[in-house]
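Here's the structure we're looking at; comments come further down.
Bear in mind that the values in this text are calculations on the coordinates, not laboratory data. A quick note: this is a predicted structure, and the numbers were derived from the prediction, not measured. Cβ sites come from the backbone with ideal geometry, for glycine too, and all protein chains shown count toward neighbours.
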Amino acid sequence: AGLQPTVMMVQEHLEQAYVEWAMSLRSSYGAVSVKYALDAPVVEYPLTLWIPDMTDEEMTSRYVGVFYPVPSIMDPGLVPEGCQLVLAGAILSPHPKHRDLNEQVLDRIEATMSMLHPGIDDHVVWKLRTGVDYVAAISGRELGEVIGLAQDYRQVGKNRPDPRMPIGGLYLVGADAGGRGIGTEMAGDSALNVSGMVETDFAGPG
């Protein structure tokens, strides 16, 4: 659930200063994405970050900065021979109520991909558009942020929340609780760290 939803559930058992600190932490951005299954290898590179010329008003009115890995280049076994999987995403406010804005940015992702890779639409087997409301729904969180608490310099390393919460036996695990790396890497590292804490804290005699 993350630190802030957990704190909201048990705040009557926590000191007010801890509650205020936890609720003051910034969430990460949300992400919207268009996932393409293609019947031909359209994208040449395994990972691309494209940002429009911010001084070009026409370009910024039509396109959006996109980050798009192509997992099937790194692992061809993910798709049938000759096909390609492309995941094109852009950042956005994590608030799931911004449905109209979600759709606008998703449209711009598609326009950007069509501009960068002419003919991509002719090779679409299927296409899946997901907004921050989707991320919020599958994660059970109020917001659709991609990694929970933002990886802001004030909220990383020693400043990341302690996995041992101020209630005995209650632990925070996942990206909010630190660990190294980004995103899934950080959440996985947190799981390993917290499992060790639990073993240590509840180790029996001998």
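Of all the listed residues (Val10, Val43), the sole one being aliphatic (A, V, I, L, M), farther than 27 Å from His98 by Cα and exposed (fewer than 15 other Cβ atoms within 10 Å of the Cβ) is Val10.
Checked across segment 158-168, the condition of being in contact (Cβ under 8 Å) with a residue 12 or more places away in the chain and more than 16 Å from Leu3 (Cα to Cα) holds for no residue.
Here is the figure for segment 138-154: residues that are surrounded by 13 or more Cβ atoms within 10 Å (Cβ to Cβ), out of contact with any Asp or Glu (no Cβ under 8 Å at 6 or more places or on another chain) and within 19 Å of Glu103 (Cα to Cα) total 3.
In segment 155-192, of all residues being at positive phi and in a loop (DSSP other than H, G, I, E, B), the one that is surrounded by the most Cβ atoms within 10 Å (Cβ to Cβ) corresponds to Gly178. Screening Ile51, Ile109, Ile73 for residues that are over 30 Å from Asn159 (Cα atoms), loosely packed, with under 13 Cβ neighbours inside 10 Å and touching a strand residue (DSSP E or B) at 6+ places or on another chain (Cβ under 9 Å) leaves exactly one candidate, Ile51. Considering the conditions (1) in contact with a strand residue (DSSP E or B) (Cβ under 8 Å, 6 or more places away or on another chain); (2) crowded, with 18+ Cβ neighbours inside 10 Å; (3) not charged (D, E, K, R), His117 is excluded by exactly one of them, (1).
Annotation note: of Gly119, Gly89, the sole residue that is closer than 29 Å to Asp53 by Cβ, in contact (Cβ under 8 Å) with a residue 40 or more places away in the chain and under 14 Å from the mean Cα position of the chain (by Cα) is Gly89.
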